[in-house]
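Asks: Handing you this structure, nothing more for now.
Every number here is computed from the coordinates shown, using simple stated rules; none is lab data. Quick caveat: nothing in here was measured; it's all calculated off a predicted structure. Note that each Cβ is placed from the backbone with ideal geometry, even for glycine, and that neighbours are counted across all protein chains shown.
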Amino acid sequence: MNRADAEARLQQLRAEIEDHNYNYYVLDNPVVPDAEYDRLFRELQSLEQQYPELATPDSPTRRVGGRPLAAFAPVHHRVPMLSIRTETDTTPAGALAFDARVRKELGLSEAEPAVEYAAELKFDGLAMSLRYEHGVLVQAATRGDGETGEEVTQNVRTVQTIPLRLNTAAPPAVLEVRGEVFMRRADFERYNEKQRAQSKPTLVNPRNAAAGSIRQLDPAIAAQRSLSFYCYGIGEVVGWYLPASHGEVLDALAALGLPVSTERVVGPGSATLIAFHRDVAARRDSLPFDIDGVVYKVNRLDLQRRLGFVAREPRWAVAHKYPAQEELTTVEAIEVQVGRTGAITPVARLKPVFVGGVTVTNATLHNEDEVRRKDVRVGDTVIVRRAGDVIPEVVAVVLERRPLRDLVTPLYPVFELPKNCPECGAPVLRLDGEAVARCTNGLSCPAQRKQAIVHFASRRAMAIEGLGEKLVDQLVDLGLVQTPADLYGLKLETLADLERMAQKSAANLLAAIETSRGRALYRFIYALGIRNVGEQTAKDLARHFGALDALMAADEASLLQVDEVGSIVAESILAFFGEPHNRAVIERLRVAGAWQDGAARPTGSGRLAGKTFVLSGTLPTLTRDQAKEMIESAGGKVACSVSKKTDFVVAGSAPGSKFTKALEFGIVVLDEEGLQALLKLGRVI
Ligand code: IVH
């Protein structure tokens, strides 16, 4: 590229990036994913490095980003809110490069000992400064351009985990706490599920959800969306004993009752950083919130001061990225899939794209209204998101990139839901008030039958290992299996003859089917695939009724007596067992000995029998599923919300409203250690 070309490209990049900045920071409505923005930004940075004479003081590379919205009062940050350098190389080289730079800046020779680092998560939300004066939260402000932010105190007060008063008898005169407001994935999914069911607009991703909620002019809207907060530093401080290291600062903040993530380490040298980056990468999908990387900081504050800043970025900190969870790709086709309950789901077939650590070729479009609202068409460039173990979804269309068409090649038409099921041809029906359309053919539809069998065999249901979708397709298409009951009559020779099967794999599958006989009642209930009966409800039902016959005989009134079963679930159960076909299949499964009656974990036995627990916040070592499993195998029950019937609340970091409620009701609150002790102890009275 010659100088003139470079100049033209620079101008183009600056204009485009400024546009994206405005959309992102001011309107909370980005039109391209971060990964794309990063690419443009890096291209601009490298061109400016190559042609320093073409760099301008107003280039987007010179600012932190964001202009305050006119509607909020401006807040001047006495200690500026800085940005942080990003290491985009997602391999260990990123950590090595940072350590090498720090050592060089500190003038350390190879012989000198390793620098101590603090490593923590890079939360993906909105930076926030909380100002406590004499222990009381007096102001919350966004970062804005780093010098001036927006006053959003009212909205921040709705974040449950942010204390309105510090937990100390001797509060500092001023303590500004810096951290990130974000939305947990489960809160995001729950909110969107609710919106989708009412055909209302959904939130794009948790980060925008957090930013959008905090910058709502109406605090009531912010209050409806559950947000979380973690601290990662401090701003202005007056009258506080300042610890010697970053790690101790965070400990001190936690002691004041501020939420600090326990996912952090302090240790020597790049090895600490590399190990942290790797460990967190392995657990990224199972964290309850999105992160886009980790952050490394020189631990000692005196060394931080010595290192200082370049432009608006500290030399003592760096962000080390992970593969993006949102990427751009194009839509090659829009097809529909028929689910287990007949739900017709539009699915986008995509040009393969690497996102969230895997290659994605399909993404859900949820339902007809969503496709129309997002106006997704074949040929469009779209943002695809894959985070955690949630199925990939199309977030939005980049309309700016919609291919221009003329009369000869018109724009692809608006998506229309087929009138008939693509699998069986039966009419598709969308009931009034429902967002989802369904095939009306029930289990006579091969697609529904296949999905029902796949679900029956799935890991949390009957756990028939090796019986995947491809095999079920063959079995159903060849007429060998019509219902789950047919699985128990399969013969070795039949299986060995199937495509991609041999004597050995057929024998393994047969053995897996054998092992699945006599599964616990709750697994069997879940495996039946009754609409609105998930794993938890299946456990509640098994515990309550103890035997399948009792459940099948239950009327609405007795179903409603089960904890957390409401009229919608009760109705689905009655409809399922009211279907003669379903009863016939169950009778055959009974003969096959598919399940064993008895409560999931019989009440009356186990040390925690009859005790109800509620889990709140993130535990230091156990995942939520593990804690639940441990409590349940000791005969206890885990409920979702705190009530007078709750015996214990197990609280981790950032426990939230359940914790407050527990205190209100005078319920015993345990930490993870307390829970472990309880499990080891004898019987609980
Ligand atoms: S430290 C002086 N630590 O990432 C360094 N930032 O561009 C100030 N972020 O605006 C930031 N997690 O919103 C720091 N553990 C963490 C972070 C973190 C997320 C955000 C923050 C900041 C941006 C850096």
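Asks: If R₀ is 25 angstrom, what is the calculated FRET efficiency for the pair Lys680 and Gln596, using the beta carbon separation as r and rounding to 0.05?
Replies: 0.30
Asks: In addition: For the chain, what does the helix formula give at 222 nm: sum of -39500 (n - 2.57) over DSSP H segments with n ≥ 4, over the residue count, nearest 500 deg cm²/dmol?
Replies: So the helix-based figure for the chain works out to -10000 deg cm²/dmol.
Asks: OK, next. Need the full-extension length gain, Ser458 to Ala511, defined as separation in residues times 0.36 nm minus the C-alpha distance. One decimal, nm.
Replies: 17.5 nm
Asks: Calculate, for Leu108 and Arg278, the FRET efficiency according to 1/(1 + (r/R0)^6) with r their C-beta to C-beta distance and R0 25 Å; round to the nearest 0.05.
Replies: 0.50
Asks: Amide H to amide H, which residues 5 or more places from Val355 or on other chains are under 5 Å from it, using H placed in the peptide plane?
Replies: Val360
Asks: Which cysteines in the chain lack any other cysteine whose Cβ sits under 4.7 Å from their own Cβ?
Replies: Cysteines lacking a close Cβ partner in the chain: Cys231, Cys640.
Asks: Could I ask something else about it? Sort 488-494, 354-360 by packing, meaning the average of other beta carbons within 10 Å per residue, with the highest value first.
Replies: 354-360, 488-494
Asks: If you don't mind, another one. Using the structure shown, select from Lys539/Lys658; Lys470/Lys539; Lys122/Lys539 the pairs with a Cα to Cα distance greater than 25 angstrom.
Replies: Where the Cα-Cα span goes over 25 Å, the pairs concerned are Lys470/Lys539; Lys122/Lys539.
Asks: Could you derive backbone 3J(HN,Hα) for segment 166-183 from the dihedral phi with the Karplus parameters 6.51, -1.76 and 1.60 (θ = phi - 60°), listing whole Hz in sequence and x where the residue is Gly or Pro?
Replies: Karplus values, whole Hz, x for Gly and Pro: 6, 8, 7, 7, 10, x, x, 4, 9, 9, 9, 9, 10, x, 10, 8, 8, 10.
Asks: Which residues' amide hydrogens lie under 5 Å from the amide hydrogen of Thr86, considering only partners 5 or more residues apart or on another chain, with H built in the peptide plane?
Replies: Under 5 Å from the amide H of Thr86 lie the amide H atoms of Ala319, each far enough along the sequence or on another chain.
Asks: Mind sorting Lys611, Lys194 by how few other Cβ atoms lie within 10 Å of their own Cβ, fewest first?
Replies: Placing the least packed residue first, the sequence is Lys194, Lys611.
Asks: Can you work out the Karplus-derived ³J(HN,Hα) for every residue in segment 420-432? Use 6.51 cos²θ - 1.76 cosθ + 1.60 with θ = phi - 60°, whole Hz, and x for glycine or proline.
Replies: 3J(HN,Hα) across segment 420-432, in whole Hz: 10, 4, x, 9, 10, x, 5, x, 9, 10, 10, 6, 4.
Asks: Taking amide H positions as placed 1.01 Å from N in the peptide plane, with prolines and chain starts having none, which residues 5 or more places from Val428, or on another chain, fall under 5 Å of its amide H?
Replies: Asn420, Cys421
Asks: Then there is this: Loop only by DSSP, 14 or fewer other Cβ within 10 Å of the Cβ. Give me the GluC sites (Glu not before Pro) in segment 380-455 that pass, ordered by residue number.
Replies: Loop-located and lightly packed - Glu416, Glu434.
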